[in-house]
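To keep things clear, I will list the structure first and then write my remarks on it.
The values are calculated or read from the model by the stated rules, or taken from the named source; none is laboratory data. Computed from a predicted model, the values in this text were never measured in an experiment. Glycine gets a Cβ as well: all are built from the backbone with ideal geometry, and neighbour counts include every protein chain shown. Only protein heavy atoms, including side chains, enter the accessible area calculation; ligands, DNA and RNA are left aside. Shrake-Rupley method; radii C 1.70, N 1.55, O 1.52, S 1.80 Å.
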Amino acid sequence: MIRHIVMWKFRPGREAEMHAFLDGLRGLYGVIPQIREQEVGVSCAPGGYDAALISVFESLEDLEAYKKDPRHAAVSALCKAIRTDRVAVDYEV
């Protein structure tokens with residue numbers, strides 16, 4: 001199993017778009033079959049990253065298939081337009 005964690009910082013004043021992006025991510029669960037588990041959240045503390053995604057995949061190949069899925073690409077395009085920073089880590093569980 002692979003745990004995929006991503007965190008983002010978003011441009012000030014783009015909260016509505018941030019929530020639209022996060023709702024789009026949530027909408028991928030149960031639609032893209034490679035996603036085994038998914039959690040999406042907004043930070044409740046100031047000063048760090050604004051939001052995070054934690055998801056689980058069977059393998060690195062499944063993670064790559066998810067990344068290349070056109071439904072994920074469409075959601076990701078919005079994020080790229082409004083984020084200022086992104087960090088990610090993938091590790092075996």
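Only one entry of 21, 57, 10 meets the criterion of being in contact with a Ser or Thr (Cβ under 8 Å, 6 or more places away or on another chain) and open to solvent by less than 40 Å² (accessible area, probe 1.4 Å), and that entry is 10.
Can you say whether residue 17 is among the acidic types (Asp, Glu), in a strand (DSSP E or B) and touching a residue at least 12 places away in the same chain (Cβ under 8 Å), as far as the supplied structure shows? Answer is no for this residue. Selection of the stretch 60-93 for residues being surrounded by 13 or more Cβ atoms within 10 Å (Cβ to Cβ) and touching a His at 6+ places or on another chain (Cβ under 8 Å) yields 63, 66, 90. When the residues of the stretch 24-54 are filtered to those that are in a loop (DSSP other than H, G, I, E, B) and β-branched (Val, Ile, Thr), the one that is surrounded by the fewest Cβ atoms within 10 Å (Cβ to Cβ) is 31. Checked across the stretch 43-56, the condition of being over 15 Å from residue 9 (Cβ atoms), touching a helix residue (DSSP H, G or I) at 6+ places or on another chain (Cβ under 7 Å) and of a type outside the set (Gly, Ala, Ser) holds for no residue.
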